[in-house]
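Right, one structure below, let's go through it.
The values are calculated or read from the model by the stated rules, or taken from the named source; none is laboratory data. None of these values were measured; they are calculated from a predicted model. Cβ sites come from the backbone with ideal geometry, for glycine too, and all protein chains shown count toward neighbours.
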Amino acid sequence: MKGAPVRGRDSEWTGLMRAANGGDNVAYQTLLRAVTPVLRAAARRGLARAGQPVDHAEDIVQDILLAVHLKRHTWDENAPFAPWLFAIARNKLIDALRRRGRRVFVNIDDFAEVIPGEPAEEPLPSVDVAGQLKTLPARQRDVLQSIAVDSASIRETAAKLAMSEGAVRVALHRGLASLAARFRKD
């Protein structure tokens, strides 16, 4: 089974991330050294499948590691680390391919061998994120664009949009609730 090695390492990675979030810098460095080769291989596979040069993989890996560093406080310590990590990796690969001016679809199955657990029986429908955001009120749209799409923090978004952090959280919550209600209805 291709995903077994990562599944075996996920408990180790999860423990390292817990320790890192608790302030253990050695654990954090160990974690980053452990995940980097796996991320590099996944980025190379994703680029190759999209018909892109694999020599751009290192840039994507650096984007992933930066996002992990900036967002590590958002990881749920009661959840396994690998699915959270590979969701970030998938999103950063998609971002990189889009920056290259191509509309791309990266199948989640490309990451199935490294994500623990069984794949879904039916693929999830693709969603036009930009189209969905356009249906929201301007404030909610701007907040969701900043946080969910551009990966900005609450604080950065508040500063950029001249809002309080509390107002950003409210707009984020309302925007997500609105989108969730729309998806449930569809």
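Kindly indicate which of 57, 87 is closer than 22 Å to residue 14 by Cα and either surrounded by fewer than 20 Cβ atoms within 10 Å (Cβ to Cβ) or in the same structural domain as residue 12 (by TED's automatic domain parsing) (or both). Walk me through how you get there before you give the answer.
On the way: 57 fails: closer than 22 Å to residue 14 by Cα.
When all the criteria are applied, what remains is 87.
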Practice task
Answer yes or no: is there a residue in the range 162-184 that is at pLDDT below 80, exposed (fewer than 10 other Cβ atoms within 10 Å of the Cβ) and touching a Ser or Thr at 6+ places or on another chain (Cβ under 8 Å).
Solution key: no
Exercise for the section: Give me the pairs, please: first residue somewhere in the range 79-101 and in a helix (DSSP H, G or I), second residue anywhere and basic (Lys, Arg) and surrounded by fewer than 19 Cβ atoms within 10 Å (Cβ to Cβ), beta-carbon distance under 9 Å, and either six or more positions apart or on two chains. Expected result: 81/18; 82/7; 82/9; 84/71; 88/71; 97/103
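When you scan the range 39-59, do you find a residue that is under 21 Å from residue 153 (Cβ atoms), assigned to a helix (DSSP H, G or I) and either in contact with a Ser or Thr (Cβ under 8 Å, 6 or more places away or on another chain) or modelled with pLDDT under 90 (or both), even just one?
Residues of the range 39-59 under 21 Å from residue 153 (Cβ atoms): none.
Taking every residue of the range 39-59 in turn, none turns out to be under 21 Å from residue 153 (Cβ atoms), assigned to a helix (DSSP H, G or I) and either in contact with a Ser or Thr (Cβ under 8 Å, 6 or more places away or on another chain) or modelled with pLDDT under 90 (or both).
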Exercise for the section: May I ask you to list the residues in the range 64-78 that are in contact with a helix residue (DSSP H, G or I) (Cβ under 8 Å, 6 or more places away or on another chain) and in contact (Cβ under 8 Å) with a residue 40 or more places away in the chain? Expected result: 67, 71, 72, 73, 75, 77
